[in-house]
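The values are calculated or read from the model by the stated rules, or taken from the named source; none is laboratory data. In this text, all values refer to a predicted model and were calculated from it rather than measured experimentally. We place every Cβ from the backbone using ideal geometry, glycine too, and count neighbours over all the protein chains shown.
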Amino acid sequence: MVTAELAVAIPSVVLLLGFCLVAVNAAVDQIRCVDAARVAARAAARGDDSGRVRALAAETAPTGARVQVSGVGGGVRVVVSVHTGGWGLLPGWELSASAVTPVESPS
């Protein structure tokens, strides 16, 4: 009896652990996207060139992230997005974060 119960319980526990690991990985990647968008928006507001802004975002963002920089009114908007997770049968998510910062005037 115990063997049959373990044969059902162990794969369920392993699958649940897999889902938990994917969820934690997605949460960490989301935080990294937020940080990357903030760093890049701050650099763009200071007047750094777009190559430097993208490089700063790429250093902070998860691997494979896409960075979009655009002007919005008197400010700058940076959007960082990445597809994360998806180990085998487990699902993945499209994560995104944006930051808008007013452009600093030269002193």
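Key figures for this structure:
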{"item": "Single condition Ala37 does not satisfy, out of (1) closer than 29 Å to Pro102 by Cβ; (2) surrounded by fewer than 18 Cβ atoms within 10 Å (Cβ to Cβ); (3) among the small types (Gly, Ala, Ser)", "result": "(2)"}
{"item": "So Ala43, is it surrounded by fewer than 19 Cβ atoms within 10 Å (Cβ to Cβ), more than 18 Å from Ser96 (Cβ to Cβ) and at pLDDT 90 or above", "result": "no"}
{"item": "Single unsatisfied condition, Asp48 versus (1) more than 10 Å from the chain's Cα centre (by Cα); (2) without any contact (Cβ under 8 Å) to a residue 24 or more places away in the chain; (3) surrounded by 12 or more Cβ atoms within 10 Å (Cβ to Cβ); (4) more than 16 Å from Thr101 (Cβ to Cβ)", "result": "(4)"}
